[in-house]
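Notes for the one structure printed next.
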Amino acid sequence: MSEIISLEDILKQLYAISGILIDVYDLEGHSVARYPDTGAYFCSLVARNSQGCERCGRDNREAFATVREEHKVHIYRCHMGLYEAVFPLYHYGRLAGYMMTGQMLEKREGAAEEVMQKARQMNLGSEEEIAEGVKKLVRIDLEEIGAFVTMCRVCADYIANHHQFPVTATGTAKEIIRYLEEHYREDITLEGLCRWFGYSKTRLNQLFREYTGTSVYRYLMGVRLTNACRSLRNSEKSIYSVAVENGFSNQNYFSRQFKKYIGCTPGEYRRNQEREGGQKA
């Protein structure tokens, strides 16, 4: 039987080949593995700047969201003008985390100066520190990025197929919540969720209830009704439109569920809100 290569060794070998920083994140965006573990020099300049940290965090969140939605590698330019790539990591066929490679400087005239100018504007360090940071960046042609991405994709598949990524039930429950809150307007079924996350109905409901204290169905109903209430308060849309836009199959079903959970019909809720608003005014 062949020896399984550890996650740490995979990251080391990728770095040895490319010189590019590799990060692995869980579904919450927390780093669980990195090589080199000290990060890159340019990364350290950004990390000690509050604005730089905030922008990096936003870039990461947006990239992770794109990967969650598209389930494929996402290549983009970060706020510093450097190329980064995020790969989905799977556990038994379901999304479990992300592998990120970053801070690749495009090999073209003027690219380094553009990055240095951004660094100066954000006061990332002295002129010498900025110059040193940019000097240490890996320069890569856009065609070479494609080849590197292919190599990383193979490694990501290896990590997934050999279950080298740590996964918790809590992380899966949080991912289900995120999915419900992003897709509540759509036709969501328990069967569909099971196919998406790779669990049986019993196991999926069990781990979700352990984390939230309620069922998937009731949580989804709560998300839909919360957003429906917001629409009723803040818009003049018809009851039918509010129902359909919040994932209900028809107005009658919407009204029954609204009465069951909120205690009044959608029309009564809207009139009550209007009266309260008028009294406050």
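The values are calculated or read from the model by the stated rules, or taken from the named source; none is laboratory data. Everything numeric here is computed off the predicted structure, so don't read it as measured data. Note that each Cβ is placed from the backbone with ideal geometry, even for glycine, and that neighbours are counted across all protein chains shown. Side chains included, ligands, DNA and RNA excluded: accessible areas come from the protein's heavy atoms. Shrake-Rupley method; radii C 1.70, N 1.55, O 1.52, S 1.80 Å.
Identify the residue in the stretch 147-189 that is among the polar types (S, T, N, Q), in contact with a helix residue (DSSP H, G or I) (Cβ under 7 Å, 6 or more places away or on another chain) and modelled with pLDDT under 75 and, among all such residues, is surrounded by the most Cβ atoms within 10 Å (Cβ to Cβ).
Residue satisfying both the conditions and the ranking: Q164.
K237 - would you say it is outside any helix (DSSP H, G or I) and of a type in the set (K, R)?
Taking the combined requirement at face value, the residue satisfies it.
Would you check if there is a residue in the stretch 92-111 being small (G, A, S), open to solvent by 10 Å² or more (accessible area, probe 1.4 Å), out of contact with any Lys or Arg (no Cβ under 8 Å at 6 or more places or on another chain) and modelled with pLDDT of 90 or more?
yes
For every residue, the table says whether it meets (1) at pLDDT 95 or above; (2) in a helix (DSSP H, G or I); (3) open to solvent by 20 Å² or more (accessible area, probe 1.4 Å).
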| residue | (1), (2), (3) |
| --- | --- |
| L207 | no, yes, no |
| L220 | yes, yes, no |
| L225 | yes, yes, no |
| C229 | yes, yes, no |
| R270 | no, yes, yes |
| Q273 | no, yes, yes |
| E276 | no, yes, yes |
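Failed condition for V86, given (1) without any contact (Cβ under 8 Å) to a residue 60 or more places away in the chain; (2) of a type in the set (A, V, I, L, M, F, W, C); (3) surrounded by fewer than 20 Cβ atoms within 10 Å (Cβ to Cβ); (4) farther than 24 Å from L204 by Cα, with all others met?
Tallying (1) without any contact (Cβ under 8 Å) to a residue 60 or more places away in the chain; (2) of a type in the set (A, V, I, L, M, F, W, C); (3) surrounded by fewer than 20 Cβ atoms within 10 Å (Cβ to Cβ); (4) farther than 24 Å from L204 by Cα, V86 fails exactly one: (3).
Output yes when any residue across the stretch 8-27 is among the β-branched types (V, I, T), in contact (Cβ under 8 Å) with a residue 12 or more places away in the chain and loosely packed, with under 14 Cβ neighbours inside 10 Å, and no when none is.
yes
Are any of the residues in the stretch 25-40 over 23 Å from K107 (Cα atoms) and in contact with a His (Cβ under 7 Å, 6 or more places away or on another chain)?
No, the stretch 25-40 has no match at all.
Out of all the residues in the stretch 115-130, which are in contact (Cβ under 8 Å) with a residue 12 or more places away in the chain, open to solvent by 40 Å² or more (accessible area, probe 1.4 Å) and over 28 Å from the mean Cα position of the chain (by Cα)?
N123, E129
Can you tell me which residues in the stretch 38-74 are open to solvent by 60 Å² or more (accessible area, probe 1.4 Å) and farther than 25 Å from M122 by Cβ?
Selection gives E69, E70, K72.
Out of the stretch 58-86, which residues are modelled with pLDDT of 90 or more, within 15 Å of R153 (Cα to Cα) and of a type outside the set (A, V, I, L, M)?
H74, E84
Would it be correct to say that Y199 is assigned to a helix (DSSP H, G or I), closer than 26 Å to Y90 by Cα and aromatic (F, W, Y)?
No; evaluated as a whole, the condition is false for this residue.
Quick check: anything in the stretch 39-54 under 23 Å from G171 (Cβ atoms) and not basic (K, R)?
Within the stretch 39-54 (the criterion being under 23 Å from G171 (Cβ atoms) and not basic (K, R)), the answer is no, since none of the residues qualifies.
Within the stretch 28-37, restricting attention to residues that are free of Cβ contacts under 8 Å to residues at least 24 places away in the same chain and of a type outside the set (D, E, K, R), which residue is most open to solvent (accessible area, probe 1.4 Å)?
H30
Given the stretch 51-158, what strands (runs of 3 or more DSSP E) lie entirely inside it while holding 2 or more residues that are touching a His at 6+ places or on another chain (Cβ under 7 Å)?
It comes to 83-91.
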